[in-house]
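The values are calculated or read from the model by the stated rules, or taken from the named source; none is laboratory data. Just so it is clear, the model here is predicted, and its values are computed rather than measured. No Cβ is skipped: glycine too gets one built from the backbone with ideal geometry, and neighbour counts run over all protein chains shown. Just so you know, the surface numbers come from the protein's heavy atoms only, side chains and all, with ligands and any DNA or RNA stripped out. Shrake-Rupley method; radii C 1.70, N 1.55, O 1.52, S 1.80 Å.
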Amino acid sequence: MTASDLEQFAAWVEELIRRRGFDIDSPRGGGKSRLADEAGVHRAAITRLLQRQSMPDLETTRRLAHVLDVPVRDMLIRSGRLTEDDLPLPQAAGAPSRTAGEGRRLTLEEAAAGLGVPPEQREMFMKVAGQFLPAAPERRTPLAKE
């Protein structure tokens, strides 16, 4: 990891943090503490990242991804720890190729096909898997790049 990798990753995360409504700019805004509390990480880890001092560890990265509502895959790729080749997206037969960061999530039908769920079991798969999806998908605020 280079200083440039850390700078680019930290700038991207900083943008996500602000877009998700965490006040990290005012000294008493409490945004860093609130983010740390919601993610279940130490405030110092947030501060070190925002000050471009160090990359968060894997568990902190995973927890931040959850709170910031981005795929862990995107966090790992943008951090420079892994590449898109290291974490390929599953492809349904005949589905167009997608790259990380396009902002489109798989449909339940695409997930079933990509996982090889037999056609006669796909309806049940979609009912069960659908129970684990967030109730309000519009909760995620699209980024300018999406």
Rounded to the nearest 10 Å², the accessible area of LEU58 using a 1.4 Å probe with every protein chain kept is 110 Å²
The extension gain from ARG122 to ASP85, computed as 0.36 nm times the residue separation minus the Cα-Cα distance, is 10.5 nm
SER4 and ALA44 label points (each 7 Å along its Cα→Cβ direction) are spaced in nm at 3.1 nm
Diffing the range 70-86: the Karplus 3J(HN,Hα) column from phi (6.51, -1.76, 1.60, θ = phi - 60°), in whole Hz with x for Gly and Pro, holds 10, x, 4, 3, 5, 4, 5, 5, 5, 6, x, 6, 9, 10, 4, 5, 5
